[in-house]
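**Q** Mind having a look at this structure? Questions to follow.
All of the numbers you see were taken from the coordinates with simple rules; none came from a lab. If you're wondering where the values come from, they're calculated on a predicted model, not measured in any experiment. For neighbour counting, all protein chains shown are included, and Cβ atoms are generated from backbone atoms with ideal geometry for every residue, glycine included.
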Amino acid sequence: MKLTIKANTFIEQRQLGVDAAGVYYRKTAFLGGSQYFRHQQIDCVTLSDKGMLAFQVGNEVFSIPVRPYDARHQAVIEALVRGARFGHLGV
């Protein structure tokens with residue numbers, strides 16, 4: 001089961017999906033694309049007080065605005081953090 005957050009504006013579309021194997025990130029603004037990362041590749045996950053969820057893979061940071069008090073968004077955030085944490089532990 002993939003959990004998904006979408007954040008679309010007139011100019012830009014962002015999507016974050018988390019499943020058992022990894023994370024799908026899509027950002028399009030005229031040009032752009034989608035990427036898939038295994039949980040083990042995620043180095044860091046942060047959530048700002050302004051509601052911006054970000055994760056780092058290598059030297060790149062990927063971000064998406066979230067509503068931290070929305071139950072669906074909370075589920076995605078928890079799955080992302082859990083996957084990154086356990087991905088590094090090899091569990």
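**Q** Out of the chymotrypsin sites (Phe, Trp or Tyr not before Pro) in region 3-75, which ones are loop residues according to DSSP with at most 11 other C-beta atoms within 10 Å?
**A** The qualifying sites are Phe10, Phe30, Tyr69.
**Q** Whole-Hz Karplus ³J(HN,Hα) for region 15-28, in order, using 6.51 cos²θ - 1.76 cosθ + 1.60 and θ = phi - 60°, x for Gly and Pro?
**A** Residue by residue, region 15-28 yields 8, 10, x, 10, 10, 5, 8, x, 10, 10, 10, 10, 9, 10 Hz.
**Q** Of Val45, Val61, Gly33, which is farthest along the charge dipole of region 3-89 in the positive direction, counting Lys and Arg as +1 and Asp and Glu as -1 at C-beta?
**A** Comparing the listed Cα positions along the dipole, Gly33 ranks first.
**Q** While we're here: Amide H to amide H under 5 Å from Met52: which residues, 5+ apart in sequence or cross-chain, H placed 1.01 Å off N in plane?
**A** Val66
**Q** Kindly express, to the nearest 10 degrees and within the range 0 to 90, the angle between helix 71-89's C-alpha long axis and the longest C-alpha principal axis of the chain.
**A** 40
**Q** Across region 38-49, in residue order, what do the Karplus-derived ³J(HN,Hα) couplings come to in whole Hz, using 6.51 cos²θ - 1.76 cosθ + 1.60 with θ = phi - 60° and x for Gly and Pro?
**A** With the stated coefficients, region 38-49 comes to 6, 4, 5, 7, 7, 8, 7, 10, 9, 10, 7, 6 Hz.
**Q** Still on this structure, please answer the following. Any number yet on Rg/Rh for the chain, C-alpha, Kirkwood?
**A** With Rg and the Kirkwood Rh in hand, the quotient comes to 0.94.
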